[in-house]
Each structure stands twice: as C-alpha cells, then as structure tokens.
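Peer 1: Handing you this structure, nothing more for now.
The values are calculated or read from the model by the stated rules, or taken from the named source; none is laboratory data. As the structure is a prediction and not an experimental result, all values here were calculated from the model. In this analysis, Cβ positions are derived from the backbone assuming ideal geometry, glycine residues included, and neighbour counts consider all displayed protein chains. Accessible surface areas use protein heavy atoms only, side chains included; no ligands, DNA or RNA. Shrake-Rupley method; radii C 1.70, N 1.55, O 1.52, S 1.80 Å.
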Amino acid sequence: MPAARPLPAAHQPWRGRASAPSARETEPLLRRRRVGQRPPLPPSTSAALQQDAPPPDFKKMHRCPLLEVTAWYGQARAVWGKKNEMRSQFVFWREKSIADSQPRESTGIAMESWVRAVVEAIHSSRAQAVLYLAGGASQALGWLLSVPGASSTVLEVVVPYSRASMAQLLGKMPSQFTSKQTAEDMALAAYNRALKLSGPGLQVMGVSFTGSLASSRPKCGDHRFYVSSRTNNCIRTSHVTLSKGLRSREEEDKLSSYFLLKAIADTCKASATIQSDIQEPEIPEESMEQFDEDQELQQVINGQVCMKVYHFADLVDKNFNRKIILPGSFNPLHDGHLRLLEVASSMCDDALPFFEISAINADKPPLSIVEIKRRVEQFRKAGKNVIISNQPYFYKKAELFPGSAFIIGADTAARLVNPKYYGGDYNRMLEILLGCKSTGTTFLVGGRKIEGVFKVLEDLDIPVELRDMFISIPEEMFRLDISSTELRERQKL
C-alpha cells in the first residue's frame, strides 16, 4: 500500500511533521475517543472557526489518516452546528419582526368569498371542461383547483404559450394570436378534446382564453383578451379591451380570471356575478352563435366536431367509469341489437351503454343529414342512447372513445385480426391493435354466422398478444342469426 500523502500545512496537527503518526503516538488519542473525549483542534482550525471560515475541503483530505479526520470533524461539526443554529434563529426573528411591523398587502392569490361560491357551484354541476389558456387568466386555475371537487369538473388544462405550441394545438398558425377567431378555434379544439375525455352522460364544454396583457416591455397595441366557450349547440365569446396603464400585470391577470370563471359558470348554468373594478370603457363585447341539429350533424360529417351524442335513455343516478358501445349501421334497428346491448351491459356493469353510427363509411359516401336523423329517430322511440361519429375504423374509434368496450360479432372480430385488411402485413395488424389495447379498449364478441356456419370467439385464431382484449359473450346468453340486411330484404318482399 502506498504511503499516505502528507496533509497541507494548515491542517497538520502534528507540528509540521509531514509523515503519518506512529501507532504509539495515536494510542493516547484513540483512548480519549473511546471514553468520549475529543482531542484538541489544531490551532489553525480553531482560528478558522472563530472567523466563520468554511470547513476545509474533505476531498483533498481523503488520504490523511482516518483518525485525524474523524477527530477534527467531531469537534468542527459541534461548533459549526451551534453557530448556524444561533444565526438561523436570529435571522428568523429579525425578518418576522420586520414583517409584523409592516402593513399586509394582498398577493392576488387569496380567494374572495364570492369567487369560492362560484367555484363551488361549478363543481356541483354535472359538467366537465377542457381549458386552453394563453397569455393570462392564470389565477382562475388556482381557484378552480384549490376548491374540493375540481377532479369532477376539470378534465385537462393546456397552456400553449409559444407560437409552435399554438400552431400544433390548432393544426395551423393563427394570423393573430389574440383575436376572436383564435379564441373560438381554441374553444372548438378544447371541446373536441373534452368529448373524448368526459365521463358518460355528463355535459361537456371547451373553454379558451387568449390575451395580450401588461408585460415587462411596453406594448404598442391594446391590452385585451378574449374568452370563448363551446358546447354541442352554442359558442359564446367575450372581448374586453383594458385601459392601458391602469393596472399592473397581476391586476390584469386577476380581472381576466374573473371573466374566465364567469364564462365557465355561465356555460354550466351556475349563477355568477363578477365583482370587479371594471371601468366604463372596458365593458365587454359579447357574441353568441347557436347551432340547430342539422348544423351540428354537418359539423360531424365535415370533421369539425368529432361526434354528436344523443341521450334518450332515462337518467341514472350513478357515475359510470366508461362506455360500452355497439357500433353498426342500424338500418333498421331491431330486437337483436337491443338484446345484444342489454346482455353485454350486464357483463360490464361499470359502463354506460351506447349505440354508435359512423356518418362516414370506409367504402361508401357519407350518410346524409336526413338519413342520419331517420336512423336516430329509431333510438328516440326505443329510449336508447346513440352517438353519431365520423370514424369508420376501430383503431380510430379506440382513440375517440378511450377505455371503452366495443360489442362486435364474430365476423367482425375475424376481420379485425386478418392481415388482409392491413395490406397483408401481420406486424402492421399487431401494431394497430396493440395501440388500441394501450388505450384500454376491449371487445365483447357475440356469435355470428360466418359463411353459413355459426361461430363464436373460441372458433377464431386470435394472436396471443391480443387475446386478453377479446371477451366472449356465451352462446347461451345471446344468439340471433338474423341481420339487418336480411330484415331489409324481407321488407322489400
């Protein structure tokens, strides 16, 4: 073993000796440590402590005898610890005395009683929202999230502050970031996102804010903001131009937060009255556009809105975790469909049942609005919920309805796992269906006739990686050999 490197002169307790101490010299020191005594500190170290100098660099002392470092550190820790404790207590009481002697000012974070009442009313409503905010209204988020019940209202919050983030959110670069058009585009994007994330049977809204408020640099244009809220049949937008130089950034943010909170409350029909110091020239400009059923359906067909939900079933006082969906054309809807959804729902008692029709077909023209309304009328008469979407493929439905259970026939299940429908690429089929699996999608499979032979899930060759996605509906629980196509043929006869 190589000899230990000598200590620097300032840290040599052996009076200038460069070599390590002998065993005879260290024995008395060792005995003192055994009985709890500490050896005296080197003179240079004591002086350093008295002058509040920092301790030596122990990394440079790693080759010195362990006994010397341990002895030095034991006393140094006690001295420095006592000094630091006394110094911390002095600083605390000095700062507390100064703070207590000065008048307290509002930080802008505290919540007024009327704000809390509005937030509680919002959380009590059966409404869920996605919020997209840029340029202000940040205090509203603190109010919404600090009152219990926020998880039942707020689905997601996104702050697209950079130009690239906003362009990615909207799928385009807006011509002007603080404008009515941008606010309404953000609200629409938030609404579509909320449709995908919302719980079954709840009111859904998308809310947006875009503003240009006071900043660290003077602005040439007005200090202004836009707040927009979107639901299935209405879009509301408020525009406020603030008096320049009247408020600080924090005060402008607080005022804009009031308006954002009011927009949310108005949309979920919770009463709200703003108590603010708004001036006469700052009265908001309000606009509202409502959509009838035909316009809503056209927006689905065009891809502007991802779905329209019709709630025809009786309201149930229960919170469902997911949806169970029976997709199809339902031309016509028959007792077999109703019975199949009923049986499948009994197997998933935590899911709210829906029928689903895609207005867009993979190999046919889109359904007309008249045709969609005709088919929807069947569900109105039957008292069943139905969704009109624009996604004909199951991997797209899985993105649209994450975590849902889809009811399909054995013939559809056979096509789902057939590489023929994926360009003959087995790995591509596996990749797509594993993507569906990652969203929590499952398939409940009922027996159907395939080429004249009745088959169930167990008759199909499902890849091992996908088997836990598919659940069989026992034949004894449900079997129906007739289809909508056969019914249409009989009606023609």
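Peer 1: Counting only the heavy atoms of the protein chains, how much of His123 is accessible to a 1.4 Å probe, in Å² to the nearest 10?
Peer 2: Accessible area, nearest 10 Å²: 20 Å².
Peer 1: Moving to a separate point now. Tally Lys/Arg at +1 and Asp/Glu at -1 over every other residue whose Cβ is under 15 Å from the Cβ of Lys373; what's the total? Walk me through the numbers before you get to the answer.
Peer 2: Values: positive: Lys308, Arg374, Arg375, Arg380, Lys381; negative: Asp292, Glu293, Asp294, Glu296, Glu371, Glu377.
Summing Lys/Arg as +1 and Asp/Glu as -1 gives -1.
Peer 1: Using a/c under 1.5 as the rounded threshold, could you call the stretch 294-492 rounded, prolate or oblate? The axes a ≥ b ≥ c are square roots of the C-alpha gyration tensor eigenvalues, and prolate needs a/b larger than b/c, oblate otherwise.
Peer 2: Verdict is rounded for the stretch 294-492.
Peer 1: Now for a different question. Tell me, what HN-Hα J-couplings in whole Hz come from the Karplus equation 6.51 cos²θ - 1.76 cosθ + 1.60 at θ = phi - 60° for each residue of the stretch 371-388, using x for Gly and Pro?
Peer 2: Karplus-based 3J(HN,Hα) across the stretch 371-388 equals 5, 4, 5, 5, 6, 4, 4, 4, 6, 4, 5, 7, x, 10, 6, 9, 10, 9 Hz.
Peer 1: If you take every DSSP beta bridge fully contained in the stretch 294-492, what fraction is antiparallel? Give it as a percent rounded to 5.
Peer 2: Bridges in the stretch 294-492 that DSSP calls antiparallel: roughly 25 percent.
Peer 1: Considering only Cα-Cα distances, which of the following residue pairs are longer than 18 Å: Lys172/Lys196; Lys308/Lys373; Lys172/Lys254; Lys323/Lys437? Mind showing how you got there, number by number?
Peer 2: Working: Lys172/Lys196 21 Å; Lys308/Lys373 12 Å; Lys172/Lys254 30 Å; Lys323/Lys437 15 Å.
In this structure, Lys172/Lys196; Lys172/Lys254 exceed 18 Å between Cα atoms.
Peer 1: Based on Cα positions only, what radius of gyration and what Dmax would you give for the stretch 218-339, in angstroms?
Peer 2: 21.4, 69
Peer 1: Then there is this: When ligands, DNA and RNA are left out and all protein chains stay put, how many square angstrom of accessible area per residue does the stretch 113-290 have with a 1.4 Å probe? Intermediate results must be reported in sequence, preceding the final value.
Peer 2: Values: 7980 Å² over 178 residues.
Dividing the accessible area of the stretch 113-290 by its residue count gives 45 Å².
Peer 1: Could you rank the peptides 159-169, 394-404, 426-436 by their average count of other C-beta atoms within 10 Å per residue, with the highest value first? Walk me through the intermediate numbers first.
Peer 2: On the way: 159-169: 14.0, 394-404: 19.1, 426-436: 15.6.
The densest-packed peptide leads the list: 394-404, 426-436, 159-169.
Peer 1: At each listed q (0.10, 0.13, 0.18 Å⁻¹), what is the log10 of I(q)/I(0) that the Debye formula gives for the stretch 113-290 modelled as equal alpha-carbon point scatterers?
Peer 2: -0.35, -0.60, -1.17
Peer 1: Carbon-plus-sulfur fraction of the accessible area of the stretch 294-492, 1.4 Å probe, in percent? Spell out each step's value before the answer.
Peer 2: Numbers: 4870 of 10190 Å².
Percent of accessible area from carbon and sulfur atoms in the stretch 294-492: 48.
Peer 1: Using amide H atoms built 1.01 Å from N in the peptide plane, name the residues 5+ places from Ile450, or on other chains, whose amide H lies under 5 Å from its own.
Peer 2: Here the answer is Lys455, since their amide H atoms fall under 5 Å of that of Ile450.
Peer 1: Going by amide H atoms built from the backbone, whose H comes under 5 Å of the H on Ile471, apart from near neighbours?
Peer 2: Phe443, Leu444, Val445
Peer 1: Of all beta bridges DSSP finds with both residues in the stretch 110-230, what is the antiparallel percent, to the nearest 5?
Peer 2: Rounded to the nearest five, the antiparallel share is 35 percent.
Peer 1: While we're on this one: Run the accessible area of the stretch 113-290 with a 1.4 Å probe and give the carbon-and-sulfur part as a rounded percent.
Peer 2: 49 percent
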